[in-house]
Amino acid sequence: MAYRLGEVILSRDTIARRVKELAEEIANDYGKDKSIVVVGILTGAAFFLTDIVRELPEDIDVRVDFMSVASYGDNTESSGVVRIFHDLKSSIEGKHVIVVEDIVDSGLTLSHLIGLLEGRHPESLKVCVLLDKYERRKTEVKVDYCGFRIPDKFVVGYGLDYAGKWRHLKDIKYVVAE
Ligand code: IMP
């Protein structure tokens, strides 16, 4: 089946406003005394992460690191198996970590990942997701910062892809079958 772009679900302005609010929440929660390691999950969350960290005040100690894990192949179902393709550069032991993910769907990817990162003994670990497809949850995941709750429909843009395509869109759009 062929797919094409559908209507906009979240415009670039709506996303930008929410990203600012989330950054304010994070800045208030951690303050200036704590250093934070913001861990982005490649590839989708890279777009969201770079926007959100640039909204944090200059006097907060922020480090950025990335991990690449397997989630979807070319279809729309999560395998739930997390394979690490690229690991963090630095240790997170004793650090305040915020994991940044583009979307939580079944929750399988994030819950596996959280378990894995908690095994590395960070001082604290919080989760920040741009989108939450809450209706699809198969396993409970504690989301500390959430951009938007969205219905159970496939979306692309602002880092999110369908089979590698459409990550570069500024707005988030539905994908529809032709
Ligand atoms: P989960 O393990 O089912 O929670 O899947 C999370 C991953 O599924 C995300 O990191 C995305 O890569 C992918 N995903 C889930 N829904 C969508 C969508 O609507 N558009 C693009 N990717 C999605």
Which number gives the lysine pairs in the chain that have C-alpha atoms under 18 Å apart and are eight or more places apart or on different chains? 16
Specify the inter-centroid distance of the range 1-57 and the range 81-117, based on alpha-carbon positions, in whole Å. 16 Å
Any idea of the accessible area per residue across the chain, 1.4 Å probe, to the nearest Å²? 53 Å²
Which one, 97, 155, 143, has the greatest fluctuation when you compute a Gaussian network model over the chain with C-alpha springs under 10 angstrom? 143
More than 21 angstrom apart: percent of Cα pairs within the chain: 47 percent
Between rounded, prolate and oblate, where does the range 1-60 land on the alpha carbon gyration tensor, with a ≥ b ≥ c its root eigenvalues, rounded for a/c under 1.5, else prolate if a/b exceeds b/c? prolate
Sort 85-93, 51-59, 168-176 for me by packing, meaning the mean count of neighbouring Cβ atoms within 10 Å per residue, highest on top. 168-176, 51-59, 85-93
Rounded to the nearest percent, how much of the accessible area of the range 1-76 (1.4 Å probe, protein heavy atoms only) is carbon and sulfur? 44 percent
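The values are calculated or read from the model by the stated rules, or taken from the named source; none is laboratory data. Computed from a predicted model, the values in this text were never measured in an experiment. Virtual Cβ from ideal backbone geometry, glycine too; neighbours counted across all protein chains shown. Calculation scope for accessible area: heavy atoms of the full protein, side chains included, ligands and nucleic acids excluded. Shrake-Rupley method; radii C 1.70, N 1.55, O 1.52, S 1.80 Å.
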